[in-house]
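Let me begin by presenting the structure, written as structure tokens, before commenting on it.
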Amino acid sequence: MPARKSAKEWNAGQTGESRTPIRSSVIEQCTVERCGDVASSRRLPRGWVRTSVSESSEPAREWCSGWCSTVGIALAELRMQDAG
Ligand SMILES: [Zn+2]
């Protein structure tokens, strides 16, 4: 599968545009604004989590909750396997 498609799915999560997940019934799209955004230098709101998985092609990202960050880390680790 091309990586570009995955990248689009990330963006869809940010804009709230609904896109049918193919194999992720467990992962619900988070509707919180900026959840899953690439990490910036801003100060995170209370309860937000910043993740960074080394050796993954995924950049550091910010999440609105521990649950969202868990999903994000799992996805980043998948990218790591893709990279081989
Ligand atoms: Zn979230």
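Take the residues in region 38-75 that are touching a Pro at 6+ places or on another chain (Cβ under 9 Å) and of a type in the set (Gly, Ala, Ser); name whichever of them is surrounded by the most Cβ atoms within 10 Å (Cβ to Cβ).
Step one: filter region 38-75 for residues touching a Pro at 6+ places or on another chain (Cβ under 9 Å), giving 38-39, 52, 64.
With of a type in the set (Gly, Ala, Ser) added as a condition, the list becomes 39, 52.
Details: 39: 14, 52: 12.
Selected residue: 39.
Residues checked against (1) in contact with a Gly (Cβ under 8 Å, 6 or more places away or on another chain); (2) within 10 Å of the ligand (Cβ to nearest atom); (3) not in a loop (DSSP other than H, G, I, E, B):
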residue: 30; (1), (2), (3): yes, yes, no
residue: 33; (1), (2), (3): no, yes, no
residue: 43; (1), (2), (3): no, no, no
residue: 50; (1), (2), (3): no, no, yes
residue: 54; (1), (2), (3): no, no, no
residue: 59; (1), (2), (3): no, no, no
residue: 72; (1), (2), (3): yes, yes, yes
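Looking only at region 8-15, decide whether some residue is modelled with pLDDT under 85, within 14 Å of the ligand (Cβ to nearest atom) and among the charged types (D, E, K, R).
For region 8-15, residues modelled with pLDDT under 85, within 14 Å of the ligand (Cβ to nearest atom) and among the charged types (D, E, K, R): absent.
Within region 61-70, count every residue that is touching a helix residue (DSSP H, G or I) at 6+ places or on another chain (Cβ under 9 Å) and either within 10 Å of the ligand (Cβ to nearest atom) or free of Cβ contacts under 8 Å to residues at least 24 places away in the same chain (or both).
Selection size over region 61-70: 2.
The values are calculated or read from the model by the stated rules, or taken from the named source; none is laboratory data. Please read these numbers as outputs of a predicted model, since none were measured by experiment. For neighbour counting, all protein chains shown are included, and Cβ atoms are generated from backbone atoms with ideal geometry for every residue, glycine included.
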